[in-house]
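Q: Dropping a structure here in structure tokens format, bear with me for questions.
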Amino acid sequence: MRLTRDPRYRWVVAGMAFFAVLAAIGFGRFGYSAVLPSMQEDLGISSAAAGSLASWNQVGYTVMALVGGILASRFGARVVVTVGLLVTAIGMLLTGLAQGLAMASAARLLTGMGNGMVLAPSLALMAAWFEPARLGAASGIVPAGSSLALVVVGPLVPALLDAGGADGWRLVWYVFAAVTLLVALLTVAVLRDRPYRERHMTLGRLRAAEMRAIVRSGHAWLLGLIYFLYGFAFLLFFTFFQKLLTTDLGYSDETAGTLFLILGATGVASGVLWGRVSDGIGRGRTLAIVLLVEAAVALVFALWHSIAALVVGSAVFGLCGLSVPALLGAACGDKYGARLAAASLGFVTAFVGIGQIIGPYVGGALEDAYGSLVPSYLVAAGVFAAAAAVSLLLRDERPVMHAAHTSSEP
């Protein structure tokens, strides 16, 4: 196990986790929305089938989110995140090589399996490196990587599509795979599992009793329900973002890419901003605010289609919508501590995976049925609102964790 004496190295760890999420989640999952129109046309598949490709990604993500958290508790986040990035890169490469729906589905499944081994262990690392009073803000750094990816995807994907001609969408996946492979190599060289001062703590085998305690915890199931609802609405919103703008509303690919960029740019600060708010007022209240705002933005995209409304909606959604994983990661750290953070977050993340399996498929099926994505975005708004209501039921665990942390300091 590689350790470090320098407490400032926690910022290096946070930065490396940021880039791991950028590659695996930002490119591997969110990048699909930008590539979808060209990929769907070239493969000759329906909207429901296109949604099912996102769902296959989420099947892999769901399976490995729980397994990845348990493996990280046993072997450390460094190993698990590196392997996850390598698997993601292979899945992206195979997506670019796909000649039909079956191969594309298998490739997206593999990509999702890699994704599932990255986010939860990366977020859980923050509980090991940062004290509870800063955990929300620190956790916000990690998922911001996916926001920066959106900033990159906005202008990059249209340029690659133009450069690659008929096979432009394949070129996009090849570039994403190469970048993810590079990040995997950096991760294995740079990432550390815990500070040197905690060298007496061994990861050890996750005991069955500890996992049973997590599974039987009402707090974990409540977090899981919030994450399920969020995942359903969020990936529905994102999967068809580009298509709503270009196919339904008639905007150009460049305009859609610009809105993607705006959403991603404001999202870079999202996790840190709302993480700091949650350090003050609690995770549940902060989640309720954020999710209610997301519901309002989904309504704007469904019903109010002026360019000004869409620009504002994209900016606001980015500023709020990409903070939820950080807030839930901090909530797991509050309740279960550094040692069980990865396993508990893995359990909770399985719920978002299930929601994200269902959401895109439902969105695509509604479009096929109604000939428009407006009903899909109305459904997303309602589910976001339901998640906000459930968030208000969360118990604030911060004072307990703060006291425990203080008493255990040397």
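The values are calculated or read from the model by the stated rules, or taken from the named source; none is laboratory data. Here the structure is a predicted model, which is why all the values come from computation and not from measurement. Using ideal geometry, Cβ is built from the backbone for each residue, glycine included, and neighbour counts are taken over all protein chains shown.
Q: Specify the residue that is surrounded by the fewest Cβ atoms within 10 Å (Cβ to Cβ); the eligible residues are those in the stretch 141-159 that are assigned to a helix (DSSP H, G or I) and β-branched (Val, Ile, Thr).
A: Val152
Q: Given Phe238, Phe260, Phe301, which one is modelled with pLDDT of 85 or more and surrounded by 19 or more Cβ atoms within 10 Å (Cβ to Cβ)?
A: On inspection, the qualifying residue turns out to be Phe301.
Q: Does Ala389 qualify as being at pLDDT 85 or above, surrounded by fewer than 21 Cβ atoms within 10 Å (Cβ to Cβ), out of contact with any strand residue (DSSP E or B) (no Cβ under 6 Å at 6 or more places or on another chain) and among the aliphatic types (A, V, I, L, M)? Show your work before the answer.
A: Working: at pLDDT 85 or above: yes; surrounded by fewer than 21 Cβ atoms within 10 Å (Cβ to Cβ): yes; out of contact with any strand residue (DSSP E or B) (no Cβ under 6 Å at 6 or more places or on another chain): yes; among the aliphatic types (A, V, I, L, M): yes.
Yes.
Q: In this structure, does Gly275 turn out to be among the small types (Gly, Ala, Ser) and not in a helix (DSSP H, G or I)?
A: Against the criterion (among the small types (Gly, Ala, Ser) and not in a helix (DSSP H, G or I)), Gly275 does not qualify.
Q: Still on this structure: Any idea which of (1) crowded, with 21+ Cβ neighbours inside 10 Å; (2) closer than 16 Å to Glu397 by Cβ is the one Gly231 doesn't satisfy?
A: Every condition holds for Gly231 apart from (2).
Q: Do you know which residues across the stretch 221-255 are of a type outside the set (S, T, N, Q), closer than 21 Å to Gly371 by Cα and free of Cβ contacts under 8 Å to residues at least 40 places away in the same chain?
A: The one that is of a type outside the set (S, T, N, Q), closer than 21 Å to Gly371 by Cα and free of Cβ contacts under 8 Å to residues at least 40 places away in the same chain: Gly250.
Q: Right, something else. Going by what's in this entry, would Phe75 be described as among the hydrophobic types (A, V, I, L, M, F, W, C), within 18 Å of Leu148 (Cβ to Cβ) and in contact with a Leu (Cβ under 8 Å, 6 or more places away or on another chain)?
A: no
Q: Continuing with the same structure: Kindly indicate whether Gly250 is small (Gly, Ala, Ser), out of contact with any Asp or Glu (no Cβ under 6 Å at 6 or more places or on another chain) and more than 27 Å from Phe130 (Cβ to Cβ).
A: yes
Q: Quick one: which of Arg74, Arg78, Arg108 is among the basic types (Lys, Arg) and over 27 Å from Val13 (Cα atoms)?
A: The unique qualifying residue is Arg108.
Q: I've got another one for you. Starting from the stretch 359-377, keep only residues that are at negative phi, then list their pairs with residues that are among the charged types (D, E, K, R) whose Cβ atoms are within a distance under 7 Å, requiring at least 6 positions of separation or different chains.
A: Ser372/Asp248; Leu373/Lys243; Leu373/Asp248; Leu373/Glu367; Ser376/Glu367
Q: Go through the stretch 82-108 and give me each residue that's under 16 Å from the mean Cα position of the chain (by Cα) and closer than 25 Å to Gly168 by Cβ. Break it down stepwise before answering.
A: The first filter runs over the stretch 82-108 and keeps only residues under 16 Å from the mean Cα position of the chain (by Cα), leaving 84-85, 88, 108.
The answer is Leu85, Thr88, Arg108.
For every residue, the table says whether it meets (1) of a type in the set (D, E, K, R); (2) crowded, with 24+ Cβ neighbours inside 10 Å; (3) modelled with pLDDT of 90 or more.
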position	(1), (2), (3)
Ile70	no, no, no
Leu93	no, no, yes
Ala98	no, no, no
Met103	no, no, yes
Leu110	no, no, yes
Val118	no, yes, yes
Ala128	no, no, no
Ala133	no, no, no
Ser139	no, yes, no
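Q: What are the residues in the stretch 278-311 that are within 13 Å of Gly136 (Cα to Cα) and not in a helix (DSSP H, G or I), if any?
A: Hit for the stretch 278-311 is Gly282, nothing else.
Q: Can you find a residue that is crowded, with 24+ Cβ neighbours inside 10 Å, within 25 Å of Ser52 (Cα to Cα), among the hydroxyl-bearing types (Ser, Thr, Tyr) and in contact (Cβ under 8 Å) with a residue 12 or more places away in the chain anywhere in the stretch 331-342?
A: no
Q: Taking interchain pairs and intrachain pairs at least six residues apart, which have beta carbon atoms under 7 angstrom, with the first residue in the stretch 284-308 and without any contact (Cβ under 8 Å) to a residue 24 or more places away in the chain and the second part of a helix (DSSP H, G or I) and surrounded by fewer than 16 Cβ atoms within 10 Å (Cβ to Cβ)?
A: Here the result reads Val300/Ala309, each pair linking the stretch 284-308 to a residue that is part of a helix (DSSP H, G or I) and surrounded by fewer than 16 Cβ atoms within 10 Å (Cβ to Cβ).
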